[in-house]
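One structure is given here, and the rest of the page talks about it.
The values are calculated or read from the model by the stated rules, or taken from the named source; none is laboratory data. Treat the numbers as computed from the prediction; the structure is a model and nothing was measured. We place every Cβ from the backbone using ideal geometry, glycine too, and count neighbours over all the protein chains shown.
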Amino acid sequence: MLQQFNEENRDLIVNINGHLVRRDEAGVSPFDSAVQGGDAVWEGLRLYNGRIFKLYEHLDRLERSARALSFAEIPPREKIVEEIKRTLAANKMGDGVHIRLTLTRGMKVTSGMDPRLNQSGPTLIVLAEHKSPVYSKAGLKLITASVRRPPPDVLDARIHHANLLNSILAKIEANNTGADDALMLDTRGFIAETNATHVFIVRKGDLATSRVFACPEGITRATVIEICTAEKIRCVETDLSPVDIYGTDEIAVVGGRAGRRFPGTASCQSGSDPARWVRRLAETIFCRALIPSVIPDQASHCHEHRHDRPGRDSCDYDKEQKLGDIVPTCFCAKEFAA
Ligand SMILES: Cc1ncc(COP(=O)(O)O)c(C=O)c1O
């Protein structure tokens with residue numbers, strides 16, 4: 001699942017603090033806090049047919065994270081939405097797009113970590129790319145990384161910050177063993193998540209996922225839990241250890257990166273249909289989860305097709321959206337777990 005350069009992105013227009021510039025001319029200052037200290041917050045958004053998956057939930061988390069880091073200034077939500085729209089319009093984008101939205105503490109008057117050196121407001125970067133889901137249809141191979149996720153009193157994962165080195169170290173371990181990604185444990189030895197996505201396991205038809213202790217408050221994760229409630233599927237948030245992973249019937253990783261192939265993986269250990277649950281959940285998710293968010297030109301269209309209940313087959317739009325590219329895939333935890 002090494003991503004490749006996509007020709008469609010050669011002439012991208014990037015938005016940096018409201019300036020729309022070609023990708024090869026775009027730049028942030030060496031004095032910017034993201035460069036100086038990874039001092040930034042970010043969100044990954046996906047655009048499907050003019051709709052952004054849970055945009056407002058992502059913006060809530062961006063704002064919460066920036067507040068937790070004591071950013072002196074946070075752009076108003078309308079401004080952020082406007083800049084997203086301008087960027088999508090400049091790139092003539094409407095579907096199959098991943099947006100990396102970054103808000104840094106901004107420029108410093110001189111190098112240094114002290115936030116008081118930031119005196120000119122934050123930097124907002126909207127990077128929209130044509131991007132397919134990053135996970136292969138052939139399944140994921142995971143190792144268990146030796147590097148652990150920090151507890152909230154070291155660095156709280158509820159802050160969706162751009163300092164990703166902890167996860168990058170785990171990803172390097174995965175790369176070094178030929179795996180796709182790494183399961184990461186917290187300092188107590190329980191599963192946090194993978195280096196990039198949340199993890200759900202299936203046990204006798206019920207679902208379980210890690211508590212939010214050393215993983216972000218995932219928006220896709222919350223959506224899965226919400227759908228389970230609506231579908232009367234028992235889903236528990238609990239401490240899971242690697243033993244739970246080895247004993248599971250199916251496993252799914254979920255998150256913006258999994259994209260339309262959400263949830264992304266299923267275990268091959270359960271016998272005849274390795275992705276029973278994944279299929280079932282996937283069949284309902286786009287009806288419920290693709291809540292209209294942005295792009296006013298499409299808003300009425302979205303509103304028309306909004307469903308109160310998942311799984312209803314009442315419009316072509318949802319039929320088209322249903323399942324998308326979801327393909328059951330194979331995950332062999334035992335083989336690759338360290
Ligand atoms: C470490 C990590 N885990 C999981 C996710 C998925 O979260 P969400 O579903 O909220 O996009 C992300 C997304 O940014 C992430 O950075």
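What is the number of the single condition among (1) closer than 27 Å to residue 117 by Cα; (2) of a type in the set (S, T, N, Q); (3) surrounded by fewer than 20 Cβ atoms within 10 Å (Cβ to Cβ); (4) touching a residue at least 60 places away in the same chain (Cβ under 8 Å) that residue 33 does not meet? All conditions pass for residue 33, except number (3).
Looking at segment 59-77, which of the residues that are within 20 Å of residue 152 (Cα to Cα) and more than 16 Å from the ligand (Cβ to nearest atom) is surrounded by the fewest Cβ atoms within 10 Å (Cβ to Cβ)? Break it down into steps so the answer makes sense when it comes.
In the first step, residues of segment 59-77 are kept if they are within 20 Å of residue 152 (Cα to Cα); the result is 60-71.
Of the ones still in play, those that are also more than 16 Å from the ligand (Cβ to nearest atom) are 67, 70-71.
On the way: 67: 12, 70: 8, 71: 23.
Among residues in segment 59-77 that are within 20 Å of residue 152 (Cα to Cα) and more than 16 Å from the ligand (Cβ to nearest atom), the one surrounded by the fewest Cβ atoms within 10 Å (Cβ to Cβ) is 70.
Taking the criterion of being out of contact with any His (no Cβ under 7 Å at 6 or more places or on another chain), hydrophobic (A, V, I, L, M, F, W, C) and in a loop (DSSP other than H, G, I, E, B), the residues of segment 178-225 that qualify are 179, 190, 196, 212, 213, 214.
All conditions in (1) of a type in the set (Val, Ile, Thr); (2) within 14 Å of the ligand (Cβ to nearest atom); (3) farther than 25 Å from residue 58 by Cα hold for residue 168, with the sole exception of (3).
All conditions but one from (1) within 24 Å of residue 107 (Cα to Cα); (2) in contact with a helix residue (DSSP H, G or I) (Cβ under 6 Å, 6 or more places away or on another chain) apply to residue 36; the one that does not is (2). Out of all the residues in segment 126-144, which are at pLDDT 95 or above and either of a type in the set (Asp, Glu) or within 15 Å of the ligand (Cβ to nearest atom) (or both)? Those that are at pLDDT 95 or above and either of a type in the set (Asp, Glu) or within 15 Å of the ligand (Cβ to nearest atom) (or both): 127, 129. All conditions but one from (1) of a type outside the set (Val, Ile, Thr); (2) closer than 28 Å to residue 53 by Cα; (3) in contact with a Gly (Cβ under 8 Å, 6 or more places away or on another chain) apply to residue 118; the one that does not is (2). The sole residue among 22, 10, 51 that is surrounded by 22 or more Cβ atoms within 10 Å (Cβ to Cβ) and among the charged types (D, E, K, R) is 51. Considering only residues in segment 215-247 that are more than 16 Å from the ligand (Cβ to nearest atom) and farther than 25 Å from residue 188 by Cβ, the one that is modelled with the lowest pLDDT turns out to be 231. When 189, 94 are screened for being among the small types (Gly, Ala, Ser), more than 16 Å from the ligand (Cβ to nearest atom) and either surrounded by 19 or more Cβ atoms within 10 Å (Cβ to Cβ) or closer than 25 Å to residue 6 by Cβ (or both), only 94 passes. When segment 61-79 is filtered for residues that are assigned to a helix (DSSP H, G or I) and acidic (Asp, Glu), the ones remaining, listed by number, are 63, 78.
Would you check if residue 175 is assigned to a helix (DSSP H, G or I), more than 13 Å from the ligand (Cβ to nearest atom) and without any contact (Cβ under 8 Å) to a residue 24 or more places away in the chain? Yes; evaluated as a whole, the condition is true for this residue. Counting only residues that are outside any loop (DSSP other than H, G, I, E, B), more than 11 Å from the ligand (Cβ to nearest atom) and not small (Gly, Ala, Ser), segment 40-58 holds 6 of them.
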